[in-house]
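What follows is calculated from the coordinates using simple rules that are stated; it is not laboratory data. Note that the coordinates shown come from a computational prediction; the quantities given were computed from them, not determined experimentally. Glycine also receives a Cβ, built like all others from the backbone with ideal geometry; neighbour counts cover every protein chain displayed.
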Amino acid sequence: MNELQAVTTASEPPVSRKLHAIGRRLGTPVSGTFELTSGCNFNCRMCYIHDGGAKDPQAGELTAAQWLSIGKEAADAGTVFLLLTGGEPLLRRDFAEIYTGLKKLGMMISVNTNGSLITGDTAALFEKNPPMRLNISLYADTPEGYRRQCGADAYENVVSNIRRMKAAGVQIKLNVSFTEYNADRFREIAALVRELDLHCQTSVYMYPPVRRTSPTAAQGRLSPEAAAKLRVQWDLMCGKTPTPESAEELRKLLRVSECDDGNARGEGVRCRAGHTAYWIDTKGQMMMCGMVPLPVGSVPEEGFLSCWQKTRALMQTVRMPKKCTNCSLRPYCCVCPAACFAETGDFSTAPAYLCEMSSCIEQELLRLNKGEKAIEAE
Amino acid sequence: MKLSEDFICRKVCGETLLMPIGEKTKEFNGIFTLSETGALLIDAIVKGENADGAAALLAEQFAVDIEIARQDTLAFFEQLQQYGILLDDDAAD
Ligand code: SF4
């Protein structure tokens with residue numbers, strides 16, 4: 001039974017796919033992420049960047065003028081799609097200046113936000129001059145859930161802001177990440193998503209907090225087994241659990257599209273990172289991906305194009321673990337170079353967490369295939 | 001004829017894109033991609049040509065009959081006017 005028809009993933013506009021496909025051949029930086037601040041009004045224990053406590057934008061973060069100057073260089077180099085993220089980007093008092101300035105350059109802007117600050121002038125701004133998409137994190141389905149997960153009394157506010165933006169016709173995608181703090185409520189969260197009737201992207205895999213200045217373990221991350229069970233449960237609700245047959249098809253496809261050099265080296269970067277996409281952190285350092293803290297240089301100091309060329313050069317050196325290339329668990333696995341790097345500090349070492357999680361997903365699907373009921377996520 | 005200040009014309013990856021900026025995104029939150037001939041006509045407008053001048057360029061570059069070029073140009077410009085992308089010279093932005 002498909003209980004959750006409303007829970008779908010917003011599809012990408014065809015023009016974006018086309019530009020990224022051409023850009024991949026030409027080496028054009030079609031899309032980028034500007035990380036406007038690491039400050040946040042929430043204090044999520046599992047955040048990969050925010051250290052807690054720092055509610056305001058931090059010293060050393062780029063000014064609005066610097067972001068607009070980078071935006072101009074990026075537009076000249078071919079960037080069309082920009083994601084503004086944080087921390088919480090709406091905390092910046094100059095957010096409207098940055099946002100409207102970048103839009104005037106002909107950028108299609110998406111904004112990542114926790115949703116709690118879309119009030120007053122910011123709400124009016126989005127109503128009058130909407131982004132291409134607002135990506136709003138939905139952490140819980142109750143006030144208590146928000147306090148537990150985010151240390152913030154924000155539930156009512158977030159949900160009412162989501163409703164206001166939806167009523168104004170703003171495109172919204174909900175991002176739902178499952179952790180130890182909310183996994184037990186996944187059915188209720190799904191019900192809220194369905195009631196809000198919005199696109200939703202879920203994640204059960206949480207990257208280690210590679211970008212925090214004070215190193216900590218991944219707090220609140222589900223065990224590989226719990227993440228696997230929840231993945232299967234959620235997909236079942238959405239009516240999209242892979243069958244063993246479809247997994248076999250996928251395996252065949254992966255084999256024919258393996259890297260050119262056979263088994264001599266692992267696969268290169270398959271996603272857009274470094275091919276057509278880049279990430280610029282709060283201080284102006286360019287990286288191929290926000291989860292790979294290997295800055296290639298400072299955009300304000302060296303210029304956008306020089307940093308982009310270095311990002312491309314770095315991407316071309318990246319090789320995934322050879323073990324992953326022919327791995328039978330690959331159809332269930334969300335492994336990527338960034339996950340390898342974040343988990344092991346090395347692009348070419350398979351992350352034990354994902355191996356275990358993928359194996360558990362397969363077990364769970366085999367159990368389902370035998371007609372056994374999927375075990376509830378703990 | 002002039003391009004509305006609510007739109008920007010960009011060349012990216014060999015494609016010509018027309019994108020709304022500012023509050024126009026409330027009406028159309030997307031990107032128009034132009035064909036080769038559409039791109040030529042928009043370029044002509046941006047360079048200050050009128051419809052006749054743009055049609056002449058189209059006829060020359062694509063080796064089509066001037067009358068057909070004129071008809072195609074007018075039809076295209078009418079479409080752009082409907083979206084508010086092209087404005088009469090004396091229209092306020
Ligand atoms: S299960 Fe492990 S070895 Fe297999 S693809 Fe995933 S990370 Fe690589």
Practice item. Report, for the protein assembly as shown, the % of DSSP beta bridges that are antiparallel, rounded to 5. Key: 35
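May I ask for the equivalent-ellipsoid semi-axes of chain B, computed as the square root of five times each C-alpha gyration tensor eigenvalue and listed largest first in whole Å?
After diagonalising the Cα gyration tensor, the semi-axes are 23, 15, 11 Å.
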Point to revise | Test item: B:2-14 mean partner chain Cβ contacts at 10 Å | key: 4
Practice item. Among the listed pairs A:72/A:166; A:104/B:11; A:104/A:166; A:72/B:47; A:18/A:104; A:283/A:310, give every one whose C-alpha distance is greater than 27 Å. Key: A:72/A:166
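Can you give the FRET efficiency for residue A:144 and residue A:187, using 1/(1 + (r/R0)^6), R0 = 22 Å, r = Cβ-Cβ distance, to the nearest 0.05?
0.85
In peptide B:19-27, what is the residue-averaged number of other protein chain Cβ atoms found within 10 Å of each Cβ?
For peptide B:19-27, the averaged partner shielding equals 5.
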Check your understanding: Summing Lys, Arg as +1 and Asp, Glu as -1, what charge do residues with Cβ under 10 Å from the Cβ of residue A:35 carry, residue A:35 excluded?
Key -> 0
Review point. Can you tell which of A:131, A:29, B:3 lies farthest toward the positive end of the dipole of the protein assembly as shown, using +1 and -1 charges on the Cβ of basic and acidic side chains (Lys, Arg; Asp, Glu)?
Key: A:29
Review point. Per-residue ellipticity at 222 nm for the protein assembly as shown, helices alone: DSSP H runs ≥ 4 residues times -39500 (n - 2.57), over residue total, nearest 500 deg cm²/dmol?
Key: -12500 deg cm²/dmol
Study note, to complete from the structure: Taking the dipole of the stretch B:2-92 about the Cα centre (Lys, Arg +1; Asp, Glu -1; charges at Cβ), the one of B:75, B:51, B:41 that reaches farthest to the positive side is B:41
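Residue A:168 to residue A:301: FRET efficiency via 1/(1 + (r/R0)^6), r the Cβ-Cβ distance, R0 41 Å, to the nearest 0.05?
My answer for the efficiency is 0.55.
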**Study point:** ³J(HN,Hα), Karplus 6.51/-1.76/1.60, whole Hz, each residue of the stretch B:11-28, x for Gly, Pro
**Key:** 10, 9, 6, x, 9, 9, 10, 10, 10, x, 10, x, 6, 4, 5, 5, 7, 9
Point to revise | Computed label-point distance, nm, for sites residue A:270 and residue A:356 using a 7 Å Cα→Cβ extension | key: 2.4
